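**Student:** Sharing a structure with you now.
The values are calculated or read from the model by the stated rules, or taken from the named source; none is laboratory data. None of the values given here were measured: they were computed from a predicted structure. Using ideal geometry, Cβ is built from the backbone for each residue, glycine included, and neighbour counts are taken over all protein chains shown.
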Amino acid sequence: MTTLGKVSFWYEDIGLPVPRAPLAGDIQADICIVGAGYTGLWSAYYLLKAQPDLRIVIVEQRFAGFGASGRNGGWLTGGFAWNHRRYLAGNTEAGVRAMVQAMGGTVDEVARVCEMEGIDADLLRTDEMMVATTPAQLARMQAEVVRRRHWGEAAVRAIGAGEAMDRVAVPGTLGAMIVGGVARVQPAKLVQGLARVVEAAGATIAEATTATAIAPGVVTTDRGVVRARSILRATEGFTARLPGHRRDWLPLNSAQIVTAPLPADIWRKIGWEGHEILGDFANAYCYCQRTREGRLTVGARGIPYRYASAIDDDGTPDVETIRRLTTILHRHFPAARGAAIDHAWCGVLGVPRDWCAAVNFDPATGIGSAGGYVGVGVSTANLAGRTLADLALGRTTALTGLPWVNHRVRAWEPEPLRWLGVRGMYALLNAADAREARGGGPSRLAAIGGWLAGRG
Ligand SMILES: Cc1cc2nc3c(=O)[nH]c(=O)nc-3n(C[C@H](O)[C@H](O)[C@H](O)COP(=O)(O)OP(=O)(O)OC[C@H]3O[C@@H](n4cnc5c(N)ncnc54)[C@H](O)[C@@H]3O)c2cc1C
């Protein structure tokens, strides 16, 4: 029997956390953070490192790590996942390269803090490996290696089919892109550890407390009002639920399945001794990991977007999504065909209209936010937290000058255009993948799909 939802498999692995108390009525703080995922918690962490006597209140609608931070694929990559050129408006190539370098530094920084603070997140240093299994994917892979090296990601390189198959035996592999210096984590262990550290440093995390309105100096919640000179909104994929923010970031769905632990003879057939975080170059790509205990996870979009920015029910995925993920599992890892699927779950991540992450802060109102990471938030949230901390403290640093700071973008269209655009895009990406699987170069359908929803 496959367990569905229950937030994520990662909590089945470690157990749900002991609930913290809700807000006990109106309160005064220096800084109020809305949302206790990686973004909110990293912001609090660095704020308290800089100024230990700050009174920080984090309000969280369910529990710390309830959102994507407790459900993701555990890829801690530091990769630059957005369109470099879109950050050039008002900035320079050198500025974008500085952001690429800052992103690259996040993996070491997360590992450093985990080590220093005693956070056991199953963090394992490894490579990212993205396989190409069709000629079109191979062409895309080669272009990606050139593009990322151009922008300064020196740890990115291509390897041939033989070397790739020696690492992980994915049938039909024609080559792979390797990114060195990344890490695999158990995401819920990371976010739970971070919450404990932040709390021990003096922050208050008020759980089961939903912010219903944010205004300069005031966060109104269903349990009382928090007054604070700075307010940091860290609600990523859930942002559309807040009044005034319904069309800021679209909640894009991502889903995963995990097998039962695989026996040694199956692992011998697959290989994967290096525990690389592994994905493919399909237009509707997948992301996989080999877990601490020898399970195999497969993640992909499934149903990409629900009408009117609706959000899943505690991570419960639909049957069609599970079928699609199982098809990917069987295609890439035929040796695991007989494996039971122990758990399936999903979550939402935030996507801005231009598919580019941003950190915002307005000194006039004292309100800031970070997110729109488009599926690369495990590492990015760390950089965002450091940057938000500097901004909220009024500091001008190398981080506050990066091009994603106060990067402006227009709102998503009203429904039904939003639904049509994103659903249309993924239909075209899937059609492109089917066409590419029959041979030939990259299908133009994917480019049309990207254009349709503004991904470019
Ligand atoms: C299935 C899945 C797989 C992913 N895989 C990867 C991966 O492998 N690598 C990677 O880099 N990224 C991945 N991502 C993206 C990454 O997980 C997110 O970008 C990142 O966790 C965002 O962190 P966050 O703190 O900004 O948001 P979240 O973790 O979503 O936290 C937001 C918090 O705000 C709370 N909240 C929302 N609204 C309110 C309110 N009104 N009042 C109070 N609290 C509120 C929520 O309950 C939640 O706890 C994945 C995402 C998903 C969904």
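**Student:** For residue 371, state whether it is crowded, with 18+ Cβ neighbours inside 10 Å, closer than 24 Å to residue 86 by Cα and of a type in the set (Gly, Ala, Ser). Walk me through how you get there before you give the answer.
**Tutor:** On the way: crowded, with 18+ Cβ neighbours inside 10 Å: yes; closer than 24 Å to residue 86 by Cα: yes; of a type in the set (Gly, Ala, Ser): yes.
Here the answer is yes, as residue 371 does meet what is asked.
**Student:** While we're looking at this one, here's another question. Quick check, is residue 68 modelled with pLDDT under 95, surrounded by 15 or more Cβ atoms within 10 Å (Cβ to Cβ) and either under 23 Å from residue 301 (Cβ atoms) or within 16 Å of the ligand (Cβ to nearest atom) (or both)?
**Tutor:** Details: modelled with pLDDT under 95: no; surrounded by 15 or more Cβ atoms within 10 Å (Cβ to Cβ): yes; either under 23 Å from residue 301 (Cβ atoms) or within 16 Å of the ligand (Cβ to nearest atom) (or both): yes.
When the stated conditions are applied, residue 68 does not pass them.
**Student:** Considering only segment 354-378, how many residues are among the charged types (D, E, K, R), touching a residue at least 60 places away in the same chain (Cβ under 8 Å) and in contact with a strand residue (DSSP E or B) (Cβ under 8 Å, 6 or more places away or on another chain)? Quick ask: steps written out before the conclusion?
**Tutor:** Here is the first cut: in segment 354-378, the residues among the charged types (D, E, K, R) are 354, 362.
Going one step further and asking which of them are touching a residue at least 60 places away in the same chain (Cβ under 8 Å), we end up with 354.
Restricting the remaining residues to those that are in contact with a strand residue (DSSP E or B) (Cβ under 8 Å, 6 or more places away or on another chain) gives none.
The total comes to 0.
This table checks each residue for (1) at pLDDT 95 or above; (2) small (Gly, Ala, Ser); (3) over 30 Å from residue 443 (Cβ atoms).
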| position | (1), (2), (3) |
| --- | --- |
| 251 | yes, no, no |
| 259 | yes, no, yes |
| 262 | yes, no, yes |
| 283 | no, no, no |
| 298 | yes, no, no |
| 304 | no, no, no |
| 309 | no, yes, no |
| 315 | yes, yes, yes |
| 320 | no, no, no |
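**Student:** If you take the residues of segment 135-192 that are within 30 Å of residue 65 (Cα to Cα) and of a type in the set (S, T, N, Q), which of them is surrounded by the fewest Cβ atoms within 10 Å (Cβ to Cβ)?
**Tutor:** Ranking the qualifying residues of segment 135-192, first place goes to 186.
**Student:** Identify, from the list 377, 385, the residue that is modelled with pLDDT of 95 or more, closer than 30 Å to residue 9 by Cβ, assigned to a loop (DSSP other than H, G, I, E, B) and not aliphatic (A, V, I, L, M).
**Tutor:** Values: 385 fails: assigned to a loop (DSSP other than H, G, I, E, B).
After applying the criteria, what remains is 377.
**Student:** What are the pairs with Cβ atoms under 6 angstrom where one residue, in segment 81-92, is more than 16 Å from the ligand (Cβ to nearest atom) and the other, located anywhere, is not aromatic (Phe, Trp, Tyr)? Sequence gap at least six, or different chains.
**Tutor:** Taking only residues 6 or more apart or on different chains, the pairs are 83/456; 84/96; 86/354; 86/356; 87/96; 87/403; 91/403.
**Student:** Hey, among the residues in segment 276-303 that are assigned to a strand (DSSP E or B) and more than 10 Å from residue 258 (Cα to Cα), which one's nearest to the ligand (Cβ to nearest atom)? Before the answer, list the steps.
**Tutor:** If we filter segment 276-303 for residues that are assigned to a strand (DSSP E or B), which is where we start, we get 277-280, 287-290, 296-300.
Narrowing the set further to residues that are more than 10 Å from residue 258 (Cα to Cα) leaves 277-280, 287, 300.
On the way: 277: 7, 278: 11, 279: 9, 280: 14, 287: 6, 300: 9 Å.
Looking at residues that are assigned to a strand (DSSP E or B) and more than 10 Å from residue 258 (Cα to Cα), I get 287.
**Student:** Which of the residues that make up segment 14-61 are small (Gly, Ala, Ser) and within 13 Å of the ligand (Cβ to nearest atom)?
**Tutor:** 35, 36, 37, 40, 43, 44
**Student:** So how many residues does segment 304-358 have that are within 19 Å of residue 7 (Cα to Cα) and part of a strand (DSSP E or B)?
**Tutor:** Qualifying residue count for the region: 10.
**Student:** What are the residues in segment 416-429 that are in contact with a Lys or Arg (Cβ under 9 Å, 6 or more places away or on another chain) and not aromatic (Phe, Trp, Tyr), if any? Spell out how you get there, then give the answer.
**Tutor:** Within segment 416-429, the first condition is being in contact with a Lys or Arg (Cβ under 9 Å, 6 or more places away or on another chain), and the residues that meet it are 418-419, 425-426, 429.
Selection gives 418, 425, 429.
**Student:** I'm trying to understand the selection: among the residues of segment 223-266, which are closer than 21 Å to residue 6 by Cβ and β-branched (Val, Ile, Thr)?
**Tutor:** Passing the criteria: 257, 258, 259.
**Student:** Contact list please: Cβ distance under 7 Å, first residue in segment 333-353 and more than 30 Å from residue 246 (Cβ to Cβ) and without any contact (Cβ under 8 Å) to a residue 24 or more places away in the chain, second residue assigned to a helix (DSSP H, G or I) and more than 12 Å from the ligand (Cβ to nearest atom), pairs at least six apart or on different chains.
**Tutor:** 337/330
**Student:** Could you tell me which residue of segment 247-260 is farthest from the ligand (Cβ to nearest atom), considering only residues that are crowded, with 17+ Cβ neighbours inside 10 Å and in a loop (DSSP other than H, G, I, E, B)?
**Tutor:** Taking segment 247-260 as the starting set, the residues that turn out to be crowded, with 17+ Cβ neighbours inside 10 Å are 247-259.
Checking the rest, the ones that are also in a loop (DSSP other than H, G, I, E, B) come to 247-249.
On the way: 247: 16, 248: 12, 249: 10 Å.
Once the filter is applied, the top-ranked residue is 247.
**Student:** Which one of the conditions (1) touching a helix residue (DSSP H, G or I) at 6+ places or on another chain (Cβ under 8 Å); (2) crowded, with 20+ Cβ neighbours inside 10 Å does residue 211 fail to meet, given that it meets all the rest?
**Tutor:** (1)
**Student:** What is the residue count in segment 6-29 for residues that are surrounded by 17 or more Cβ atoms within 10 Å (Cβ to Cβ) and more than 15 Å from residue 63 (Cα to Cα)? Steps first, please.
**Tutor:** Let us first name the residues in segment 6-29 that are surrounded by 17 or more Cβ atoms within 10 Å (Cβ to Cβ), namely 7-11, 13, 17, 20, 22-23, 27, 29.
Okay, now just the ones that are also more than 15 Å from residue 63 (Cα to Cα), so 9, 13, 27, 29.
Going through segment 6-29 one residue at a time, the tally reaches 4.
**Student:** Based on this model, can you work out whether residue 347 counts as within 13 Å of the ligand (Cβ to nearest atom) and touching a Cys at 6+ places or on another chain (Cβ under 9 Å)? Full working, then the answer.
**Tutor:** Numbers: within 13 Å of the ligand (Cβ to nearest atom): yes; touching a Cys at 6+ places or on another chain (Cβ under 9 Å): no.
So residue 347 does not fit the description; no.
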